[in-house]
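Novice: Quick one: structure below, then a few questions.
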Amino acid sequence: MCRNCVKESCPDRGSCCLETGTYLMNYAGCCQCNKKTDINNIDKKSENDVDGNETVTYKHVCQTCDHVIARHEYTFSVDDEFQEYTMNCVLCGYGEATVSILPDDPRQQRLF
Ligand SMILES: [Zn+2]
Ligand SMILES: [Zn+2]
Ligand SMILES: [Zn+2]
């Protein structure tokens, strides 16, 4: 991981969670070769545990010199009521989102 290639280290992205891709707006240029060419995303791995949680990781590397700019991590998990997404990357930033998987249930109001 490298903090010299990015404008802002791990910016707050609110509820934005990228499972793939690159936040190029935050890329200042490669600190090793001093070029600002495209970024390659390599070594993509996806792991699932028994609870249905998923973790996706990959590396952002400089297309010119293979310098590793950042390691990207994306997680997805489900519990009874919510789906949760997180993203953690020096380049793409930190994001977190929670989505309810239950529709609002009007019947609950009549159970008295
Ligand atoms: Zn660097
Ligand atoms: Zn480079
Ligand atoms: Zn990233």
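Novice: Hey, among the residues in region 41-54 that are assigned to a strand (DSSP E or B) and in contact (Cβ under 8 Å) with a residue 12 or more places away in the chain, which one's surrounded by the fewest Cβ atoms within 10 Å (Cβ to Cβ)?
Specialist: In the first step, residues of region 41-54 are kept if they are assigned to a strand (DSSP E or B); the result is 41-48, 54.
Adding the requirement that they be in contact (Cβ under 8 Å) with a residue 12 or more places away in the chain leaves 41-45, 54.
Working: Asn41: 13, Ile42: 11, Asp43: 11, Lys44: 12, Lys45: 9, Glu54: 16.
In this case the residue turns out to be Lys45.
Novice: Let me ask another. Can you tell which of Thr20, Thr57 is exposed (fewer than 12 other Cβ atoms within 10 Å of the Cβ), within 16 Å of ligand 3 (Cβ to nearest atom) and under 20 Å from Val6 (Cα atoms)?
Specialist: Details: Thr57 fails: exposed (fewer than 12 other Cβ atoms within 10 Å of the Cβ).
Going through Thr20, Thr57 in turn, just one is exposed (fewer than 12 other Cβ atoms within 10 Å of the Cβ), within 16 Å of ligand 3 (Cβ to nearest atom) and under 20 Å from Val6 (Cα atoms): Thr20.
Novice: Given the options Ala97, Ala70, name the one that is part of a strand (DSSP E or B), modelled with pLDDT of 95 or more and either within 11 Å of ligand 2 (Cβ to nearest atom) or more than 19 Å from Lys7 (Cβ to Cβ) (or both).
Specialist: Working: Ala70 fails: either within 11 Å of ligand 2 (Cβ to nearest atom) or more than 19 Å from Lys7 (Cβ to Cβ) (or both).
Step by step, each of Ala97, Ala70 is checked, and only Ala97 is part of a strand (DSSP E or B), modelled with pLDDT of 95 or more and either within 11 Å of ligand 2 (Cβ to nearest atom) or more than 19 Å from Lys7 (Cβ to Cβ) (or both).
The values are calculated or read from the model by the stated rules, or taken from the named source; none is laboratory data. Since this is a predicted model, take the numbers as computed values, not measurements. Here the Cβ is made from the backbone with ideal geometry for all residues, glycine too, and neighbour counts use every protein chain on show.
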